Amino acid sequence: MNKAHKELLKKNYEKACNDYVAALLTLWELNSYYGFWIADEVGGLYDYGDGCFTISMCDIVYCVENNVKYDEFLKYQEYNVKCLDYNLHTMNLESWHMGAPRNDFRKLDALREELNNEVDKLNNSKGGF
């Protein structure tokens with residue numbers, strides 16, 4: 001493959017990736033002012049929220065093709081953060097969107113709160129450790 005052909009492929013790929021991002025931002029009604037490809041790697045991770053929120057190219061395509069709304073994607077991300085917080089397996093976007101069973105964190109949250117309360121009591125007691 002010659003250099004000109006490789007450059008054309010790259011140009012077309014980057015255009016397709018950026019077109020998908022534009023479609024996603026339109027779907028989510030977001031301004032693209034703050035958005036950028038992390039490390040300038042078009043097709044890698046896109047930051048759509050001032051350094052705090054990222055999305056992979058695979059998930060961008062899935063969201064656009066399946067009309068995944070912004071609030072649903074945020075719930076999906078929050079769920080996975082909670083899984084990571086408890087050292088549980090995360091879920092991919094397609095499984096989430098299709099309604100795969102989800103962990104119920106209420107019991108774990110209650111146990112964590114109970115543990116934190118006990119730690120606070122120990123820290124606030126006169127004798128301590």
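All of the numbers you see were taken from the coordinates with simple rules; none came from a lab. Since we're looking at a predicted model, the values are computed, not measured. Positions of Cβ are backbone-derived with ideal geometry, glycine not excepted, and every protein chain shown enters the neighbour counts.
Convex hull volume of the Cα atoms in the stretch 1-67, per residue, in Å³?
87 Å³
Computed on alpha carbon atoms, what radius of gyration and Dmax characterise the stretch 69-129, expressed in Å?
Rg, Dmax (Cα atoms, Å): 16.7, 53.
With springs connecting C-alpha atoms under 10 Å apart, model the chain as a Gaussian network and identify which of Ala22, Ala39, Ala110 has the largest mean-square fluctuation.
Comparing Ala22, Ala39, Ala110 in the GNM, the peak value goes to Ala110.
If each residue of separation counts as 0.36 nm, what is the full-extension length gain between Val81 and Cys52 once their alpha-carbon separation is subtracted?
Numbers: separation 29, 0.36 × 29 = 10.44 nm, distance 1.29 nm.
So the chain would gain 9.1 nm between Val81 and Cys52.
Dipole of the stretch 7-129, Cα-centred, from +1 at each Lys and Arg C-beta and -1 at each Asp and Glu C-beta, to the nearest 20 debye? Can you show the working numbers first?
Numbers: 12 positive and 21 negative charges, 68 e Å.
Dipole magnitude for the stretch 7-129 comes out near 320 debye.
What number of lysine-lysine pairs in the chain show an alpha-carbon separation below 19 angstrom, given a sequence spacing of 8 or more or placement on distinct chains? All intermediate terms of the calculation are to be shown ahead of the outcome.
Details: Lys3/Lys11; Lys3/Lys15; Lys6/Lys15; Lys82/Lys107.
Total qualifying Lys-Lys pairs in the chain comes to 4.
Over the chain, what is the mean sequence separation of C-alpha contacts under 8 Å (at least six apart), divided by residue count, expressed as relative contact order in percent? Don't skip to the end; give the middle numbers.
Details: 77 pairs, mean separation 18.1, N = 129.
The value is 14 percent.
Tell me the relative contact order for the stretch 1-67 as a rounded percent, counting alpha carbon contacts under 8 Å between residues six or more apart.
On the way: 58 pairs, mean separation 17.2, N = 67.
In percent, rounded to a whole number, it is 26.
Suppose the chain between Asn18 and Ile38 were pulled fully straight at 0.36 nm per residue; how much longer would it get relative to their current alpha carbon spacing?
Working: separation 20, 0.36 × 20 = 7.20 nm, distance 1.31 nm.
Result: 5.9 nm gained on full extension.
Over the chain, what portion of Cα pair distances is larger than 18 Å, expressed as a whole percent?
Percent of Cα pairs beyond 18 Å in the chain: 65.
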